[in-house]
Amino acid sequence: MNPLSPATPGWSRRSFLQLAGLTGATAALASCAAGGPAPTSTGAAGTGSSGSLSVLVEAGGKAELEKVAALFTQQTGTKVDLVELPYDGLFNRLQTELSAGSVSFDVAALDAVWLPTFAGALAPLDALFTDAVKGDLFESLVTGAQINGAYVGMPVWTNAEILFYRKDLFEDAKEKAAFEKKYGYPLAPPTTWQQFEDAAAFFTRGTSLYGTDVKGAVETEWLAHVGQAGAKGLVLDESGAVIIDSPEHLQALTFYSNLNNTLKVAPPGAAQVDWGGAQNLFNQGKTAMMRFWAHAFPLIPTDSPVHGNVGAAPMIGGAAGVGGVPGPWYLSVPKSGAKTEQATRFIQFAYDNNALSIKSSLGLAARKSAFAEYAGKPGYEHFAALTATLDGPATKARPATPKWQQIVDTVLVPMLQKSLEPGADYAQLLAAAKGQVESLVS
């Protein structure tokens, strides 16, 4: 079987990078603009001059590399062409060219979930992963970079869900007094599942305000809770065995779905709510809390009723503590490229100057030291919450399988949506999902 065969029927998932294009209180997900030339007929890498590099990037993340590319050109004289493509278009181009072993690019930015699919066609970067480098990266990012014993990507930026909360509600004296009277402890941004349930129930006020949202159309948030419950892996364990029916997966599904089914602290239509829908609800003042990608914190529209009244806290924790699912992107070099040494030098340069990526529209990096450089500065108040989540004891990378996105699209999301139906049997849903996943990975 071709290791680069498509992992999904149609890579329709929008990346979190696209969420950066949201503007206005009622904006929907921005679509990525198509861009970049089509592969040339020869497909030869580095068809330009020897003093140039072609770097494929997802359109939503181009800004993260612009300052790095400009400085690399200034210091080395090597021109860096950032070729931007929409998410699906980037995957398809990688799929086509890497399968053929004839590429028109020298470096590519890859979503973490793509590394297992393309690992066999990527040059190893083991020499870059010194102890010092690994010590300045979050453990889940280092783990995710290594496929079949080789490091095939260097993390360039990462994200994770954190807790967004309404400060105007949580810091209101009357609300604080009423909450403590009802629950017996002070009102504060929740750190545990129980505290989250209490706060969500407390702030649900009919149809005018809900405590939180439940996203049935995406899987990442539920997976974060799986890690928080103490699972040995997300859906698969380290050996590749399917463990989606484990007690921890059941605990997470029960907690997640009961926010909608039993506690009723989320707006109606949870099965269809995705990232954009949840963000709109919060920005419109319809929810008191939101678990969401950290980069969105400084992007709350100025015309939003909650603008200036939003706090950021680490993702909540279950029995295993705080945990999230990182959303990193990696820079990789194709084995069949003609400029692998020069491309590898660019990747090392991007790591060395990783903090430059923070001064962009997304404001993300990969190195701990880069986040630390900006933590606490105005506009970066969310960094403490993000780094605490990325360093959380229950934070786990998604499984290293080329079937992952197919598992998400055909098993996990449909299962989550069914779990939000009245009378759903969570254990039965997970048992059925186990069989489906096993048939995909066997």
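What's the carbon and sulfur percent of segment 121-186's accessible surface, probe 1.4 angstrom, rounded to a whole number?
Summing carbon and sulfur atoms, their accessible area is 51 percent of the total for segment 121-186.
Which whole-Hz couplings ³J(HN,Hα) result when phi for each residue of segment 135-149 is put into the Karplus expression 6.51 cos²θ - 1.76 cosθ + 1.60, θ = phi - 60°, listed in order with x for Gly and Pro?
3J(HN,Hα) across segment 135-149, in whole Hz: x, 9, 10, 5, 3, 5, 6, 5, 4, x, 6, 9, 10, 6, x.
Using the Kirkwood radius built from alpha carbon pairs, what does the Stokes-Einstein equation give as D for segment 203-266 at 25 °C and 0.890 mPa s, in µm² per second?
For the chosen part, D equals 194 µm²/s.
Can you list, bin by bin at 10 Å, the percent of alpha carbon pairs in segment 322-442, starting at 0?
For segment 322-442, the pair-distance distribution reads 11, 26, 27, 23, 12, 1.
Note down the magnitude of the dipole of segment 305-442 about its Cα centre, charges +1 on Lys and Arg C-beta and -1 on Asp and Glu C-beta and zero elsewhere, to the nearest 20 debye.
Taking the Cα centre of segment 305-442 as origin, the dipole is about 400 debye.
So for segment 377-431, considering every pair of alpha-carbon atoms, how many percent are separated by more than 18 Å?
60 percent
Once Rh for segment 73-146 is found with the Kirkwood sum over Cα pairs, what is the Stokes-Einstein diffusion coefficient at 37 °C and 0.692 mPa s, in µm²/s? It would help to have the intermediate numbers written out before the result.
Working: Rh = 14.4 Å.
Translational D for this selection: 228 µm²/s.
Tell me which of Ala432, Leu122, Val57 sits at the most positive position along the dipole axis of the chain, charges placed on C-beta atoms (Lys, Arg +1; Asp, Glu -1).
Val57
Rounded to the nearest 20 debye, what is the charge dipole size of segment 196-299 about its Cα centre when +1 sits on each Lys and Arg Cβ and -1 on each Asp and Glu Cβ?
Using Cβ point charges on Lys, Arg, Asp and Glu, segment 196-299 gives about 460 debye.
Would you be so kind as to identify which of Thr410, Ser369, Leu420 lies farthest towards the positive end of the dipole of segment 324-442, taking Lys and Arg as +1 and Asp and Glu as -1 on Cβ and the Cα centre as origin?
Checked the options; the winner is Ser369.
To the nearest µm²/s, what D does Stokes-Einstein give for the chain at 10 °C and 1.306 mPa s, using the Kirkwood radius over alpha carbon pairs as Rh?
71 µm²/s
When the Cα atoms of segment 56-199 are enclosed in a convex hull and the volume is divided per residue, what value in Å³ results? Walk me through the numbers on the way to the answer.
Values: hull volume 27.2 nm³, N = 144.
Measuring per residue, one finds 189 Å³ for the Cα hull of segment 56-199.
Would you be so kind as to identify which of Thr207, Thr220, Leu234 lies farthest towards the positive end of the dipole of segment 198-245, taking Lys and Arg as +1 and Asp and Glu as -1 on Cβ and the Cα centre as origin?
So the residue furthest toward the plus end is Thr207.
So if I place +1 on the C-beta of Lys and Arg and -1 on the C-beta of Asp and Glu, and nothing else carries charge, what would the dipole magnitude of the chain be about its Cα centre? I want it in debye, nearest 20.
380 debye
Kirkwood-based Rg over Rh for segment 242-328 (C-alpha set), two decimals? Display every interim value, and only then the final one.
Numbers: Rg = 14.8 Å, Rh = 14.9 Å.
Rg divided by Rh gives 0.99.
By the gyration tensor of its Cα atoms, with a ≥ b ≥ c the square roots of the eigenvalues, what is the shape of segment 140-223: rounded for a/c under 1.5, prolate for a/b over b/c, or oblate?
It comes out prolate by the Cα gyration axes.
The values are calculated or read from the model by the stated rules, or taken from the named source; none is laboratory data. Keep in mind it's a predicted model, so treat the numbers as computed, not measured. For neighbour counting, all protein chains shown are included, and Cβ atoms are generated from backbone atoms with ideal geometry for every residue, glycine included. Side chains included, ligands, DNA and RNA excluded: accessible areas come from the protein's heavy atoms. Shrake-Rupley method; radii C 1.70, N 1.55, O 1.52, S 1.80 Å.
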